[in-house]
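The values are calculated or read from the model by the stated rules, or taken from the named source; none is laboratory data. This structure is a prediction, so every number in the text was calculated from the model and none was measured. Counting neighbours? That spans all protein chains shown, and the Cβs are built from the backbone with ideal geometry, glycine included. Keep in mind that these areas ignore ligands, DNA and RNA; they rest on the heavy atoms of the full protein, side chains included. Shrake-Rupley method; radii C 1.70, N 1.55, O 1.52, S 1.80 Å.
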Amino acid sequence: MHAAVLAIGGYDDADVRDLEAGFNVIFRSSFDDIQNMAIDARHAVRAVAFKGHTPFGHQEMALLPSLGVIANYGVGYDAIDTVAAKARGIAVTNTPDVLNDDVADLAVAMMLMQGRDMRRGDAWVRDGIWAGGGDLPLNRKISGGRVGILGLGRIGREIAARLAAFKMDIHYWSRGPKKTPDGWQYHNSPDALAAAVDYLIVALVGGTQTCGIVSASVIKALGPKGVLINISRGSTVDEAALLEALEKGHLAGAGLDVFLNEPAVDPRFLSLDNVVLQPHQGSGTIETRAAMAKLQRDNIAAFLDGQPLLTEV
Ligand code: NAP
C-alpha cells in the first residue's frame, strides 16, 4: 500500500522513528524528488509533513492531487503559499507557542552578547590578551535601557516579558495597541518605535506583507547608538541598508539569527566586528524541536482521523 504521509525536508533520526511509528510515511529531501515518484504513489499522499524554507506553492501542490493537509514544522509558514493551498482545499498547520521560550531566550542572548561585547571578551581570554595585562574596553549597560519590540505577537511578548525583568522600558509596535502590563508603550509606526529606543528587536512574521519593514529610515531612526536584533525572518529587514549602516557606524550593532538568502549569508556580515551572527537556531533545542515534531505529527494524525486540526493557520 502506498504511503499516505510524505515527509519533506531533513528530519533527524528521532523524528524519522516517531513518524514511522505513527504513519505509513515516505521521506523525500526536496520537491525535485517528488517529481520522480510514481504517479499512484503521488496520488496516495494525503498529508505532507513539511520542514524547511523552500517555497511550497501551487506547482508543488499540483504534484500531490489528494493532498489535504500541509503540517509545517515551525511557526513561520511564509514558505507555504496559503492562498494556493486554500484554493485547492488544503489545510495548513504550524507549531505555535511550543517554541516561544527558546526564540525569546536567543533574542535576549544576542542582545546581551552584542551589548556586552562578549564575542570580543571571549577572544580576549582565549588569545591571551587578558593574561598579558590588557583589560577589555568598557562596554554598555543593558539593564534599565529602552527596548522596542517590533511585532508584539507570541514570541514578541515573551521577549518583552524577559526584558521587563531586566528593568528595561518596554516599547512596541504592532498593527494596533494591545492589552499589556502597565507601562508598555505603544508607538504608531516602526519609525517612531525605532526613534524611541536603544535596542530594536524584530519578532514579526515573514512574507510579502512585512518585507523590508525595517527600512533604511527605521535603521536611521534607531541611530548610531542603536542595536538591531532580528529573530523573525531575513526578509523583514532591508539588508542592504543594514549592512551599509553597520559598515559606516550609523548603527552601533546587530544580532541576527535570520538572513536573506540564508544559509548563504552575505559575506559583508562576516567582516564586521559589531555583529553577532547565529545560524537560524532560534528554536534549536532538543526539547523544543521534539515538541514541534510532536505537534506536527498530532496535526497529521488529527487530519487522518477526521478530527479537528490542533493548530491550523
Ligand atoms: P505571531 O504570534 O503570529 O506574531 C506575529 C507578529 O507579526 C505579530 O506582532 C503580528 O502583528 C505581526 N504581523 C503579522 N502579519 C503582519 C502584517 N501583515 N503586517 C505587519 N505585522 C504583521 O507569531 P510568533 O509565533 O510570535 O512568530 C513570529 C515569527 O517569528 C514567525 O512567523 C517566524 O517567522 C519567526 N520565528 C523565527 C524563529 C527562529 O528560529 N529565528 C523561530 C520561530 C519563529 P500584530 O501584533 O499586529 O498581530
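In terms of Cα to Cα distance under 26 Å, which lysines are near enough to LYS141, apart from those fewer than 8 places away along the same chain?
LYS167, LYS220, LYS225, LYS248
Roughly how many nanometres apart are two label points built 7 Å out from the Cα toward the Cβ at ARG268 and GLN59?
3.0
Tilt of helix 100-115 relative to the longest C-alpha principal axis of the chain, in degrees (0 to 90, nearest 10)?
Compared with the principal axis, the helix lies near 30 degrees.
Using R₀ = 41 Å, calculate the FRET efficiency as 1/(1 + (r/R₀)^6) where r is the Cβ-Cβ separation of ASN188 and TRP130; round to 0.05.
It comes out at approximately 0.30.
What list of ³J(HN,Hα) couplings, whole Hz, do you get for the range 194-210 from phi and the Karplus terms 6.51, -1.76, 1.60, once you set θ to phi - 60° and write x for glycine and proline?
Running phi through 6.51 cos²θ - 1.76 cosθ + 1.60 with θ = phi - 60° gives 4, 5, 8, 10, 8, 10, 10, 10, 9, 10, 7, 5, x, x, 5, 6, 10 Hz.
Whenever you get a sec, line up THR210, THR54 from highest to lowest accessible area (probe 1.4 Å, protein heavy atoms).
THR54, THR210
For a quick check of your reading of the filter: which trypsin sites (Lys or Arg not before Pro) in the range 17-105 sit in a DSSP loop and have no more than 16 other Cβ atoms within 10 Å?
Listed in order of number, the matching sites are ARG88.
Per residue, how much accessible area does the chain show when a 1.4 Å probe rolls over the protein heavy atoms, in square angstrom?
So the chain comes to 49 Å² accessible per residue, rounded to a whole number.
Probe 1.4 Å, all protein chains in place: accessible area of TYR186 in Å², nearest 10?
Result for TYR186: roughly 70 Å² accessible.
Mind checking which lysines have their C-alpha under 22 Å from LYS51, skipping anything on the same chain fewer than 8 residues away?
LYS86, LYS294
Let me make sure I get this right: for the range 1-120, a, b and c are the square roots of the gyration tensor eigenvalues over alpha carbons, sorted descending. Under 1.5 in a/c it's rounded, otherwise prolate if a/b > b/c, else oblate. Which is it?
It is prolate, given that a/c is not under 1.5 and a/b is the larger ratio.
For the chain, what % of the accessible area comes from carbon and sulfur atoms, probe 1.4 Å?
Exposed carbon and sulfur together represent 52 percent of the surface.
If you project the alpha carbons of the chain onto the principal axes, what extent comes out on each, in Å, largest first?
Extents along the principal axes, in whole Å: 70, 47, 33.
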